[in-house]
Amino acid sequence: MTIIAPSRRQIWIGGLALAGASALPWRALAQTPDGPFTLGVASGDPAPDGFVIWTRLAPDPLAEDGLGGLSSPVKVRWFVYADGGTGAPLAQGDIETSPLSAHSVHVEVSGLMPDRFYTYHFEALGARSQMGRARTLPLPTAKATRLKLVYASCSHYEKGWFSAYRHMADEDPDYSVFLGDYIYEYSYKKADGLVRRHEQLGDVRTLAQFRRRYALYHMDRDLQTLHARTTSIVTWDDHEVQNDYGGFLSEYMDDDVNMPAIRQAAYQAFYEAMPVRRTSRLIGTHVDLYRAFRFGNLADITVLDGRQYRSPAACPVDGMRKGHIVTDACLDRLDPKRSMLGFAQEKWLFNRFARSDTTWNIIAQDLLVASFTQSGKDRQGHDVIGHWTDGWDGYPATRDRLLAAMQHTRLKNPVMLGGDIHSFWATELKADFNNPRSATVATEFVGTSITSDGPPRQPFADRLPENPHVKYFNSGTHGYVVAEATPKAMSVRFQAISDRTDPNATVATERAFIVENGHPGVVMS
Ligand code: FE
Ligand code: CA
């Protein structure tokens, strides 16, 4: 099959020049061949004294066996410098990579100073990696005055160029947050309307296939730019494994027998591909991904796992659990014994609420949280008005418990970040979604897709009068969200790129909002 070459090196260099990063070490990479460093570098999971730095050695990144062209252990050296990268390394070390983890490198750097940027790179097999930039958290007790996040979701490789990722890097945020559908396991059947193809066209199901899929995405220069220049906080949604999967259950009931193995392969490849800590490695068939970060006294950033612990989808039809619209006749949907997060994660989250003392409580997760009464066809093809089973609307008891816990603990300024729905949403999360006069408990900003197809606009727009807690909705654009918190307010920008089929797409603000400290709810700005 034909694979169109990733966007060119010059874009990467150009992006760096625009950012005004210190010239010397960054320019050096112009002469550096990729060698085994074809997948770039990344940092993630910040702490006040360090972060994870990541790379994966892959001189032949799309090798059929998923091992990137290597078959035996390889030693890697890593170096961390003061921001800008000049002078002697502040920290360095060796690590041995192994084919067992596809020569991925996860170094948990510690002993650094809080609240600042550092530079890092790797050396292996006689080659030197790109330089990356990483940021520690402020001390938990620090009076932090500003936090800038960018966040994104849903980047189908075939549907567009990753210009939005390049523009996210140019925002120069403190952290970049990935909310899921970072890869897609499926490919389109026909090439019409695609800008490039996946490395294989059947659904990804084995470890070798998942490794190659992540490698293909990581060869993209715009995604490499974002990872090299920002420290990431990541969670997942469904397409890291399979469309609309939950727990150990497939969207196709007759595929349930294969799901534990598919999930295990997908989770292993996710760990290898992402700058997460060793605590998030695969153990058995399980990955610990819900966790939290504290940005001084200004903000808690809590990261949820919306997929691994789900109760089975409500009211499946004809052997299919795939998301669909159900009416109020589906009583299973309301069962309080069902959970979207699993009861252990719910308890962990609500305990965090009880202890939180930061000005902002940011919850990063995969989906639209707000209730949305929508119209469409049910599985039998009848026109119905109802609720989407794959999202929070499919697990309203979990949402009720979440909002009740926020109220009960008087959680300060909860703001939920989400993705999955490939459209921009600003909503107010109500104590009772059926009563517009009930309290607004939290504020929600859902980002559109980086490239993936959005839903048709009109069917959702038609239902807005019945969903007055939705303050802004738009489908049809692609991009990301910028959220900047200060002690007074959080400002939020929905950023849309000009054209996902243009590798040089520009970006503009589609809409901006404010949330004031002490006043949950969306203020148009
Ligand atoms: Fe998606
Ligand atoms: Ca999704």
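Observations on the model:
- Evaluating residue 119 against the criteria (1) in contact with a helix residue (DSSP H, G or I) (Cβ under 9 Å, 6 or more places away or on another chain); (2) in a loop (DSSP other than H, G, I, E, B); (3) away from ligand 1 (no atom under 16 Å from the Cβ) leaves one unmet condition, (2).
- Those helices (runs of 4 or more DSSP H) of the stretch 122-233 in which 2 or more residues are under 23 Å from residue 267 (Cβ atoms) occupy 207-218, 221-229.
- Residues that are touching a residue at least 40 places away in the same chain (Cβ under 8 Å), surrounded by fewer than 24 Cβ atoms within 10 Å (Cβ to Cβ) and within 16 Å of ligand 2 (Cβ to nearest atom) are absent from the stretch 193-202.
- Strands (runs of 3 or more DSSP E) wholly inside the stretch 430-525 containing at least 2 residues that are of a type in the set (A, V, I, L, M) and under 19 Å from the mean Cα position of the chain (by Cα): 479-485, 489-497
- The residues of the stretch 408-429 that are among the charged types (D, E, K, R), more than 16 Å from ligand 1 (Cβ to nearest atom) and either assigned to a helix (DSSP H, G or I) or surrounded by 14 or more Cβ atoms within 10 Å (Cβ to Cβ) (or both), listed by number, are 412, 428.
- When 453, 462, 432 are checked against the criterion of being closer than 24 Å to residue 151 by Cα and among the charged types (D, E, K, R), 453 stands alone in meeting it.
- Some residue of the stretch 219-234 being within 16 Å of ligand 2 (Cβ to nearest atom) and under 19 Å from residue 150 (Cα atoms): yes
- Among the residues of the stretch 329-382, those that are more than 19 Å from residue 409 (Cβ to Cβ), assigned to a helix (DSSP H, G or I) and either of a type in the set (Gly, Ala, Ser) or touching a residue at least 12 places away in the same chain (Cβ under 8 Å) (or both) comprise 332, 333, 334.
- Residues of the stretch 397-424 satisfying the condition of being within 16 Å of ligand 2 (Cβ to nearest atom) and of a type in the set (Ser, Thr, Tyr): 423
- Residue count for the stretch 234-289 satisfying the condition of being assigned to a loop (DSSP other than H, G, I, E, B) and of a type in the set (A, V, I, L, M): 4.
- Looking only at the stretch 153-172, residues that are within 16 Å of ligand 2 (Cβ to nearest atom) and either buried (at least 24 other Cβ atoms within 10 Å of the Cβ) or more than 14 Å from residue 449 (Cβ to Cβ) (or both) come to 4 in all.
- Some residue of the stretch 89-99 being touching a residue at least 12 places away in the same chain (Cβ under 8 Å), within 15 Å of residue 228 (Cα to Cα) and not hydroxyl-bearing (Ser, Thr, Tyr): no
- Filter result (surrounded by fewer than 16 Cβ atoms within 10 Å (Cβ to Cβ) and over 23 Å from residue 471 (Cα atoms)) within the stretch 502-523: 502, 504, 506
All of the numbers you see were taken from the coordinates with simple rules; none came from a lab. Since the model is a prediction, treat every value here as computed from it, not as a measurement. Backbone-built Cβ (ideal geometry, glycine too); neighbour counts: all protein chains shown.
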